[in-house]
Amino acid sequence: MALRNIVNDGDPILKKKCRPVEKFDRKLHILLDDMAETMHHANGVGLAAPQVGMLRRVAVIDISKEQNDIIELVNPKIIAFSGEQEGNEGCLSFPGQWGIVKRPDYVKVKAQDRFGEEIIVEGKELLARALCHEIDHLNGVVFKQVAERMLTRKEIEKM
Ligand code: CO
C-alpha cells in the first residue's frame, strides 16, 4: 500500500464527473487500498477517487474511531433517502475549511464491491452524511457548493 497525494481546493479535477469502473482488477484493488491508507493517514472519514487524481466512481469511507471499518464503494448510487440533518462538514481537499451542510438523515446506497458484486449500504447521521459527500465528489460536486454557508474562523476555533 502507498499514500497518494490528495488534491486541494482549486484543482479542476474536483469539478469533473467520474467514469464508472468496468474492470474489477488488481489496479482497482491497489487504488482502494491506497485510498483507505491515505484517508486514515489524513484522519478523514471519507475519500473519493478524484481527490487522488483518478476520475473513477470509487470512494472509501470509515467513520470508526479505530480506523478499522472501511466501506469500499465502487459505482455507488443513492437509491433511497429520508429525513434531514444539518451540521458541520469538511473535506480532506479543503483543509481548515468547514461549512454547514444539510443532508438526508438516512440514505440507502447501491454499489459494487471490489470484485464487482452488488452491495447495499445503509447509513444514518454521520454515515449518511459521508455517503452523500463522497458520492457528490464522483459527480464533480464539492461540499462548498452545497453548503448553506461556510463557518467563520471564529466559529472554527470554537469547534
Ligand atoms: Co470531500
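So the values come out like this:
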read-out	value
Estimated translational D of the chain in µm²/s (Stokes, Kirkwood radius over Cα pairs; 25 °C; 0.890 mPa s)	156
Separation in nanometres of the label points that stand 7 Å from Cα toward Cβ, at Arg149 and Ile120	4.0
Theoretical ellipticity at 222 nm over the chain - DSSP helices of four or more residues, -39500 (n - 2.57) apiece, nearest 500	-7500 deg cm²/dmol
Qualifying GluC sites (Glu not before Pro) in region 48-113, DSSP loop, other Cβ atoms within 10 Å at most 11	Glu66, Glu84
Sorted by Cβ density within 10 Å, fewest first, the residues His137, His29	His29, His137
0 to 90° range, to nearest 10: angle between helix 26-41 axis and the chain longest Cα axis	30
Packing-based exposure ordering (other Cβ within 10 Å, fewest first) of Asp33, Asp136	Asp33, Asp136
Neighbour-count order for Thr38, Thr152, fewest beta carbons within 10 angstrom listed first	Thr152, Thr38
Filter on Lys77/Lys154; Lys15/Lys158; Lys17/Lys110; Lys77/Lys102; Lys17/Lys154 - keep pairs with C-alpha separation over 25 Å	Lys77/Lys154; Lys15/Lys158; Lys17/Lys154
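We did not get these values from a lab; they are worked out from the coordinates using the rules stated. Just so we're clear, the structure is a prediction, and the values are computed from it rather than from any experiment. FYI the Cβ positions are ideal-geometry reconstructions off the backbone, even for glycines, and counts take in every protein chain you see.
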